[in-house]
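This report concerns only the one structure given below.
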Amino acid sequence: MVNPPGIQFLAPDAPYCEPDKAKVIIIPAPLEYSVCYMKGTARGPEAILEASGQMELYDEELDCCPTDIGVHTRAPLDYSGMDHAAALKATGDAVREVLQRGQFPFTLGGEHSLSAPVIQAVHEHYPDLTVVHIDAHGDLRDTYEGTPLSHACIERRVVDMGIPLLEIGIRSFSPEEVAFMKTRPNVSIVWAYEIARGTAQIPWERLGKHTYITLDLDAFDPAAMPAVGTPEPGGLSWYQVLDLVREVCRRSTVVGMDVVELCPMPNQAHAEFLAARLVHKMLGYRFFAKQ
Ligand SMILES: [Mn+2]
């Protein structure tokens, strides 16, 4: 690995681990190729890492410091000179390397298209994988703007891999996606309005032994998380998202996670702080909330 070291996730006095001793490897993936509306998600990982430096390490809900397990942030992936396909391959390879070393990959985006090669890499290690996709969008198009690699297609690629899919928080869905979803019993969708109205019946029985969580920050309501490329009204609250992640972690062994699509905005800081705290909470639930 020739990239210079980047910023570490968390405060300077956090108990960092050597790359080969850490349980978790944070992978900053500043990918930006197919974003269609607001640009700037390439700066997302760095903004999360910078905000994390201001964060307390104690989790009051779990009564522990989740990062005591050892969290190392590797150098950001360097996509310079790569086309989209090569950048996706490099991202998948980085995750593959982490898994081969027996560590837990947590990828920070960057645009959501990175999740397809990442999930492919995780699926190679865990063939019984289920994907939980928390997002405003279904991302189930076959192609978008002429490419199957788009952020709008990543869950379609997951279905192509034969992986069962549970989508939660969805509120922006195309007729093409509805038609597709209705033919696929392996795809379950929990709409945002069902969660907001308290009528959601989440089919947790769909989770297998191993689960991957991909979390697009536009799943949150734009009031809480305005710094995304395609904000949609009627999103989830902070505690609704936390409860979902905690429930997945209790019911299944989560073997990889990503948080994607932060698109930092000028003159505000709450979006990157939310994203940084979210990563911290997700690690806590993964490693300390197991029943
Ligand atoms: Mn989305």
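Observations
- A single entry from 190, 131 fulfils the requirement of being aliphatic (A, V, I, L, M) and crowded, with 23+ Cβ neighbours inside 10 Å: 131.
- Residue match in the range 280-291 (condition: at pLDDT 95 or above, touching a Cys at 6+ places or on another chain (Cβ under 7 Å), of a type in the set (Lys, Arg) and surrounded by 15 or more Cβ atoms within 10 Å (Cβ to Cβ)): yes
- Against the test of being in a helix (DSSP H, G or I), within 12 Å of residue 260 (Cα to Cα), within 16 Å of the chain's Cα centre (by Cα) and of a type in the set (A, V, I, L, M), the options 114, 108 yield a single qualifying residue, 114.
- Any hit, the range 162-172, residues being within 15 Å of the ligand (Cβ to nearest atom) and not in a strand (DSSP E or B): yes
The values are calculated or read from the model by the stated rules, or taken from the named source; none is laboratory data. Source: prediction; values computed, not measured. FYI the Cβ positions are ideal-geometry reconstructions off the backbone, even for glycines, and counts take in every protein chain you see.
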